[in-house]
Structures are given as structure tokens and as C-alpha cells.
Amino acid sequence: MPGPHSLADLVDHLDASPSPFHAVESAHRRLDEAGFTAVAERDAWDEVAPRGYIARDGALIAWVLPAADRPDAAFRLVGAHTDSPCLRVKPHPDTATAGWRQLGVEVYGGVLLNSWLDRDLAIAGRVVMADGSSQLVDVRRPVARVPQLAIHLDRGVNDSGLKLDPQQHVHPVWGSGTSTPGDFSEWLADAAAIDRPAWWELCLYDVQGAAVLGGDVSLLASGRLDNQVSCWAATTSLAASGAGDAVAMIVLNDHEEVGSASTTGASGPLLEQVLERLVLARGGTRDDLLRALAASTCVSADNAHAVHPNYTDRHDPTHRPLVNAGPAIKVNASQRYATSAPTAALFQRACVAAGVPWQVFVSRNNMPCGSTIGPLTATRLGIATVDVGVPQLSMHSARELCGVHDPAWLASALAAYFEASSDPT
């Protein structure tokens with residue numbers, strides 16, 4: 001069996017996590033194996049498990065309580081997100097045009113649409129029955145494909161560039177002939193060996209699994225590196241952690257790619273509620289919670305932009321992360337990242353303690369950067385936060401690329417962060 005921080009273990013996680021719901025299942029399976037206890041949100045938390053977790057839809061929060069169980073103990077938190085940009089199946093997907101059966105899909109997040117062309121696509125996610133029960137499905141075989149227009153019919157494509165309308169041109173084919181309402185749901189029930197579902201939240205994904213590549217086998221290609229690499233690193237590090245002087249925690253939020261405004265997103269109350277319940281269940285008060293938050297820190301882990309060899313001009317010349325050179329500390333003066341000088345130093349110390357290299361990413365002044373759950377968590381809870389991430393290429397593509405060493409280095413740095421004594425921020 002692959003070791004917890006091994007490349008093979010990461011590959012297994014990536015292949016097992018084609019949707020946010022499967023990513024949560026992968027995480028709680030690992031936590032179960034490490035002796036964590038699943039805690040129900042609707043139960044009274046009179047006594048809280050010293051190593052426990054809650055899972056809600058596409059989100060998961062897990063913790064390891066400190067050895068000296070003071071209710072005002074600081075939280076040492078690592079945040080990541082379970083969702084990735086993709087194509088999602090609409091509620092009424094059955095259409096047909098010119099002798100082709102097609103699936104209606106909705107674009108989820110900031111997708112690089114061209115990367116989804118001419119790929120063999122499988123289907124995975126969650127289905128809900130008429131009685132409200134739900135289950136995961138994963139039809140792990142080629143089902144659909146978004147065919148690109150032949151160059152003979154688009155002679156200028158290489159000169160003027162490919163232009164895709166997300167409603168008209170990103171419409172997968174999944175058969176030939178005519179289509180009637182209910183065809184997809186009937187097919188899904190048969191393909192997944194389930195009863196016919198009433199509703200679903202289903203993602204299309206590239207059926208090709210994660211793969212190590214390069215003449216020097218130094219690169220990893222896969223769908224959903226953003227942000228399953230961080231989910232894997234956070235979960236494996238917490239699972240291996242012992243009780244320290246702070247509450248070691250991870251939060252894997254959903255819906256980051258669409259703004260985080262949901263019951264399971266970083267802008268919602270889920271994390272705040274769990275933090276409060278952990279304090280109250282250990283005999284604490286509201287004042288203990290506020291004191292704990294004032295002493296807490298958060299590492300927001302979300303992948304960074306590695307310098308692209310064909311587009312080096314898109315990076316600031318002195319802040320260009322390389323693959324296989326360690327996780328990047330992400331800095332933005334406009335607070336698109338939540339990093340401050342003290343929190344950058346905090347993560348730097350964790351890297352040094354773990355023997356891990358580290359680097360810095362700052363965007364060009366004329367090229368605004370994206371954002372993460374870091375500023376949202378910092379704003380909502382007042383927790384000192386640092387944004388970090390594994391450098392990668394092809395972010396938001398159906399298939400992304402990173403170095404083989406950086407994910408394990410991130411996991412090692414997070415383990416050192418969990419194990420460190422309380423740090424000034």
C-alpha cells in the first residue's frame with residue numbers, strides 16, 4: 001500500500017475524487033483509517049471526539065484536540081476546497097440535433113473551455129431519489145465528448161484563435177439518433193446500478209487518470225490538481241498528527257470556484273459554527289472562543305501559478321515559482337491573498353522545520369490575480385492567514401500539470417505547522 005505522503009497515494013486520491021462529494025468521501029475514508037470519529041451535526045456535542053470530523057455535502061471539517069484540553073486553546077487551521085471548474089449535467093439534459101444525441105451541461109467555474117474539447121468524458125457526482133435519500137455515483141468509462149469543429153470548416157482558427165460560446169459550442173454528444181425526456185436518467189440508473197434518480201449534481205470529467213510524465217518522470221498530469229493536491233496534503237497531514245498545544249484542524253470547503261457563497265462555502269457559517277461548538281463542548285464560553293480566535297492561524301492552501309516556459313512575460317520577473325522547487329507563499333497587497341509578513345514568516349518556519357524548500361508568488365501589476373478561501377476565512381473569523389500553494393501549469397484546464405515533489409513537500413510543511421508550538425503572528 002502506498003505511504004501517506006507518497007506520489008502513488010496522491011495519484012490514488014486524484015483518481016478517486018472526480019467530484020466534490022467523492023473528494024469528501026476520500027478524505028473521511030482516510031480519517032476513518034486513522035482512528036477519527038464521524039460526528040453528526042444534529043447531535044448534541046456534550047462530549048466531543050478528540051479526533052473527529054463532520055462531513056456535509058461537498059465539505060469536510062476535521063480536528064485533533066490538544067493534549068491539555070483548554071477551551072481557549074488556539075486553532076491551527078488548514079483550508080482548501082473540494083470543487084474544480086468543470087461541466088455539470090443540467091436537470092433536463094436530453095437534447096438531439098442533426099442526428100446526434102447530446103447532453104445539456106452547465107459551465108461550473110472559470111473553465112478553460114478549449115481544454116474540454118475532444119476528450120473522453122466520464123460522469124460522477126451525487127444523485128438524490130424522490131424520497132430524499134442520496135448516494136454517490138461514478139460511471140468511470142467514456143460516456144460523452146465535446147467534438148471540435150474540423151479545421152476544414154474553420155480555416156482561420158489557428159490565426160484568429162478558437163472562440164467558443166458556452167451555450168452553443170460546449171454541448172457534448174453521447175450517442176446518435178433521437179432523444180426523448182428521461183433518456184439520461186434511465187441510462188444513469190442502469191449504468192450506475194441504482195434506482196432512477198429524481199435529481200442530481202453530476203460532473204463530467206476526463207476519464208484519463210492521473211499520470212507521471214516527462215523524460216525524467218518529474219511531472220504529474222491530472223484533472224483537479226486545483227485543488228485536490230491541497231485537500232490530499234491537508235488530510236494526510238492531519239491524519240498523521242498527534243495532540244499538540246493547539247486544536248489542529250482542516251476545513252475543505254465546496255464552491256470556491258464560484259465565489260464560496262453557500263452553506264458549505266468559505267463565506268458560509270459552517271466553519272464558524274464548528275469552531276464554536278468545539279469550544280462549548282469542552283466547557284468554554286463565548287469569551288473563550290474569541291480568545292481562541294485571536295490566537296489562531298490559518299494556512300489557506302490553493303495551487304499557485306508556476307512560470308510558463310512559453311509565456312514567461314506573464315509573470316513578475318522576481319516572483320516566478322518553479323515546479324519542484326517547493327510550495328509558494330502567495331502575496332497580494334490588495335488582499336486577494338490574505339498573507340501578511342508575520343504569517344509568511346510563520347509558514348516559512350514550518351518549511352524550514354520540515355526541511356522543505358519554499359518560494360514566493362506575486363502577480364504582475366498589470367495582471368490581477370485570482371483569490372482563495374484565505375481572505376474570506378480571515379475576514380469572517382479574524383484569523384491571521386497565509387495563502388500558499390503548489391505551483392502548476394494549465395490551471396482550470398480539464399487536465400493540469402505540476403511537479404512530482406511539491407505536493408509531498410506541501411504535506412510535510414503542513415505537518416510541521418500542525419506540530420509547531422504556538423507562533424506569534
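The values are calculated or read from the model by the stated rules, or taken from the named source; none is laboratory data. Everything numeric in this text was worked out from a predicted model, so none of it was measured. Using ideal geometry, Cβ is built from the backbone for each residue, glycine included, and neighbour counts are taken over all protein chains shown.
A compact table of results
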{"quantity": "Lone qualifier among 258, 274, 299 - being touching a Phe, Trp or Tyr at 6+ places or on another chain (Cβ under 9 Å), surrounded by fewer than 19 Cβ atoms within 10 Å (Cβ to Cβ) and of a type in the set (Val, Ile, Thr)", "calculated": "258"}
{"quantity": "Residues being within 11 Å of the chain's Cα centre (by Cα), in a loop (DSSP other than H, G, I, E, B) and among the acidic types (Asp, Glu) - total across the range 223-275", "calculated": "1"}
{"quantity": "Where residue 177 falls short, out of the listed (1) touching a residue at least 24 places away in the same chain (Cβ under 8 Å); (2) in the same structural domain as residue 388 (by TED's automatic domain parsing); (3) among the small types (Gly, Ala, Ser)", "calculated": "(2)"}
{"quantity": "Criterion (hydrophobic (A, V, I, L, M, F, W, C), out of contact with any Leu (no Cβ under 6 Å at 6 or more places or on another chain) and over 30 Å from residue 287 (Cβ atoms)) met by exactly one of 8, 74", "calculated": "8"}
{"quantity": "In the range 98-111, the residues that are out of contact with any Gly (no Cβ under 9 Å at 6 or more places or on another chain), surrounded by fewer than 23 Cβ atoms within 10 Å (Cβ to Cβ) and touching a residue at least 12 places away in the same chain (Cβ under 8 Å)", "calculated": "104, 106, 107, 108, 109, 111"}
{"quantity": "Where a residue in the range 342-371 is free of Cβ contacts under 8 Å to residues at least 24 places away in the same chain and its partner, wherever it lies, is in a strand (DSSP E or B), with Cβ under 8 Å and at least six apart", "calculated": "348/329"}
{"quantity": "Subset of the range 346-371 that is at pLDDT below 95 and within 23 Å of residue 77 (Cα to Cα) - its residue that is surrounded by the fewest Cβ atoms within 10 Å (Cβ to Cβ)", "calculated": "370"}
{"quantity": "Any hit, the range 7-18, residues being farther than 28 Å from residue 121 by Cβ and assigned to a loop (DSSP other than H, G, I, E, B)", "calculated": "no"}
{"quantity": "Yes/no for residue 252 being surrounded by fewer than 17 Cβ atoms within 10 Å (Cβ to Cβ), modelled with pLDDT of 95 or more and within 17 Å of residue 390 (Cα to Cα)", "calculated": "no"}
{"quantity": "Number of positions in the range 56-88 that are surrounded by fewer than 22 Cβ atoms within 10 Å (Cβ to Cβ) and in a strand (DSSP E or B)", "calculated": "2"}
{"quantity": "Residue match in the range 404-411 (condition: within 16 Å of residue 237 (Cα to Cα), over 20 Å from the mean Cα position of the chain (by Cα) and either modelled with pLDDT of 95 or more or outside the structural domain of residue 303 (by TED's automatic domain parsing) (or both))", "calculated": "no"}
{"quantity": "Checking residue 265 against (1) in contact (Cβ under 8 Å) with a residue 12 or more places away in the chain; (2) in contact with a Lys or Arg (Cβ under 8 Å, 6 or more places away or on another chain); (3) of a type outside the set (A, V, I, L, M, F, W, C), the condition it does not meet", "calculated": "(2)"}
{"quantity": "Test: residue 288 is assigned by TED's automatic domain parsing to the domain that holds residue 54, farther than 22 Å from residue 45 by Cβ and in contact (Cβ under 8 Å) with a residue 40 or more places away in the chain", "calculated": "no"}
{"quantity": "Hits in the range 380-403 (condition: more than 18 Å from the chain's Cα centre (by Cα) and either part of a loop (DSSP other than H, G, I, E, B) or without any contact (Cβ under 8 Å) to a residue 24 or more places away in the chain (or both))", "calculated": "382, 383"}
{"quantity": "Single unsatisfied condition, residue 114 versus (1) in contact with an Asp or Glu (Cβ under 9 Å, 6 or more places away or on another chain); (2) touching a residue at least 12 places away in the same chain (Cβ under 8 Å); (3) surrounded by fewer than 23 Cβ atoms within 10 Å (Cβ to Cβ)", "calculated": "(1)"}
{"quantity": "Residue tally, condition aliphatic (A, V, I, L, M), under 20 Å from residue 87 (Cβ atoms) and part of a loop (DSSP other than H, G, I, E, B), over the range 156-213", "calculated": "5"}
{"quantity": "Positions within the range 158-194 being polar (S, T, N, Q) and surrounded by 13 or more Cβ atoms within 10 Å (Cβ to Cβ), in sequence order", "calculated": "179, 185"}
{"quantity": "Positions within the range 347-376 being touching a Ser or Thr at 6+ places or on another chain (Cβ under 6 Å) and part of a helix (DSSP H, G or I), in sequence order", "calculated": "354, 373, 374, 376"}
